[in-house]
1. Which residues, counting only those in the range 312-355, are at pLDDT 90 or above, open to solvent by 10 Å² or more (accessible area, probe 1.4 Å), β-branched (Val, Ile, Thr) and farther than 16 Å from Leu382 by Cα?
2. Out of everything in the range 112-137 that is among the acidic types (Asp, Glu) and crowded, with 24+ Cβ neighbours inside 10 Å, what residue ends up being farthest from Leu181 (Cα to Cα)?
3. So, in the range 259-284, exactly how many residues are open to solvent by 10 Å² or more (accessible area, probe 1.4 Å) and assigned to a loop (DSSP other than H, G, I, E, B)?
4. Look at Leu190 and say whether it is open to solvent by 50 Å² or more (accessible area, probe 1.4 Å), of a type outside the set (D, E, K, R) and assigned to a strand (DSSP E or B).
5. Can you find a residue in the range 229-243 that is open to solvent by 10 Å² or more (accessible area, probe 1.4 Å), modelled with pLDDT under 95 and either in contact with a Phe, Trp or Tyr (Cβ under 6 Å, 6 or more places away or on another chain) or β-branched (Val, Ile, Thr) (or both)?
6. Does the range 138-153 hold any residues that are open to solvent by 20 Å² or more (accessible area, probe 1.4 Å) and out of contact with any Cys (no Cβ under 7 Å at 6 or more places or on another chain), and which are they?
7. Since Ser206 meets every condition but one in (1) more than 20 Å from the chain's Cα centre (by Cα); (2) farther than 24 Å from Cys136 by Cα, which condition does it not meet?
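The values are calculated or read from the model by the stated rules, or taken from the named source; none is laboratory data. The shown structure was predicted, so the numbers you read here are calculated from the model rather than taken from an experiment. Cβ atoms come from the backbone with ideal geometry, glycine included; neighbour counts cover every protein chain shown. Surface accessibility is based on the protein's heavy atoms, side chains included, excluding ligands, DNA and RNA. Shrake-Rupley method; radii C 1.70, N 1.55, O 1.52, S 1.80 Å.
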Amino acid sequence: MPAVRAGKFLLGAIRGPACCCPTSPRAENNLPDSLLMASQRPQSGCAPLPDCHGDRLYTVSPFPSTLSKVRSASRTQRPPRREPARAGGRRPMNSRPRGKLAVGRVKFFGRHRGEVNSSAFSPDGQRLLTASEDGCVYGWETQSGRLLWRLRGHKGPVRFCRFSPDGRLFASTSCDRTVRLWDAADAKCLQVLKGHQRSVETVSFSHDSKQLASGGWDKRVMLWEVQSGQVLRHFVGHRDSVQSSDFAPSSDCLATGSWDSTIRMWDLRAGTPGIFHQELEGHRGNISCLCYSPSGLLASGSWDKTIHIWKPSTRSLLIQLKGHITWVKSIAFSPDGQQLASAGYSHMVKVWDCNTGKCTETLKGVLNVAHACAFMPDGKLLVSGAVD
């Protein structure tokens, strides 16, 4: 595996609706080496949040309209199609006016020794995780930008990371075929979950934080008990690598997305067989991200540059969102389900009105690659990603 350069990381704040989008797919397993984190608040002020990927720190004056002056050298590459080396109709939902999207304070972080593959915010937005090609998981304090930890243990690049809904745990996946469970308080590894036969690409927690699902290049989905680390069930049916996952709000159903361009809905209720009970088709590319709304609607983002919003109980497509110029990497519903933020693999962040299906806000010229977008309970939108 070729040597990886140290990564660079940026953090910023955004007011008003937001969303984000990275560049395009393909090639090796390295992503750009700068990260921008932005937060949005419908009112006038918002606290800065961190993003990881570099060796120096920059701060932009409060609430600039653009971040074009913040630049650092980075390599813009496309994500891998194959396994990385080991070591519509519209139906109304809800809507209401939102504030204008504006960039706030920005911070730059530079502690990674490899490029960042993914990032994830804690439920309260106070911490940020980053998963790096250097085999480490990094934790950052969003208000101060302080590096909390650099966690070793994986024996290969870290592909994905995610906090549990209760904020007490987080999980990381790797090319070493394992999932690691960590205590968020002291950053100690609690469990090493083994069972996958190839690189693990996605992990998600049930809403009660008691179960965890993982999937990867072995085309299998595994359901684990968090407390014991035991495998509860295996789900087989995808025809290609499993790349995304999310639990329904009730935790009785798990959605998974794959390179086979399908979404599968797995029934987790006790006594049901380990076969998928629904399949959602319509995308024409890898299902790169999935997210349930508080009411149980399911949004899917794909390499076909579109976002679909589904009603899983009827397998019906409610809205198809078009506007990204490259594949969609991250999506998030607002706490009231009225808005959807999306981050693509380019220089855009978008916010969509779930009632009309229209894009209400677009942020350009800030990010090259966005890794994560997440709404906080107060409606603030956080975005982390890479910049040149």
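1. Selection gives Thr314 alone.
2. Filtering the range 112-137 for residues among the acidic types (Asp, Glu) gives 115, 124, 133-134.
Pick out the ones that are also crowded, with 24+ Cβ neighbours inside 10 Å and you get 115, 133.
Numbers: Glu115: 22, Glu133: 18 Å.
Filtering first and then ranking leaves Glu115.
3. Final tally of qualifying residues: 15.
4. Values: open to solvent by 50 Å² or more (accessible area, probe 1.4 Å): yes; of a type outside the set (D, E, K, R): yes; assigned to a strand (DSSP E or B): yes.
Taking the combined requirement at face value, the residue satisfies it.
5. Yes, some residue in the range 229-243 is open to solvent by 10 Å² or more (accessible area, probe 1.4 Å), modelled with pLDDT under 95 and either in contact with a Phe, Trp or Tyr (Cβ under 6 Å, 6 or more places away or on another chain) or β-branched (Val, Ile, Thr) (or both).
6. Across the range 138-153, the qualifying residues are Glu141, Gln143, Ser144, Arg146, Leu147, Leu148, Trp149.
7. Of everything listed in (1) more than 20 Å from the chain's Cα centre (by Cα); (2) farther than 24 Å from Cys136 by Cα, Ser206 misses just condition (1).
Per-residue answers, yes or no, for (1) buried (at least 16 other Cβ atoms within 10 Å of the Cβ); (2) under 22 Å from Ala372 (Cα atoms); (3) assigned by the TED database to the domain that holds Ala332:
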{"position": "Ser206", "(1), (2), (3)": "yes, yes, no"}
{"position": "Gln227", "(1), (2), (3)": "no, no, no"}
{"position": "Asp246", "(1), (2), (3)": "yes, yes, no"}
{"position": "Cys253", "(1), (2), (3)": "yes, no, no"}
{"position": "Gly257", "(1), (2), (3)": "yes, yes, no"}
{"position": "Ser293", "(1), (2), (3)": "yes, yes, yes"}
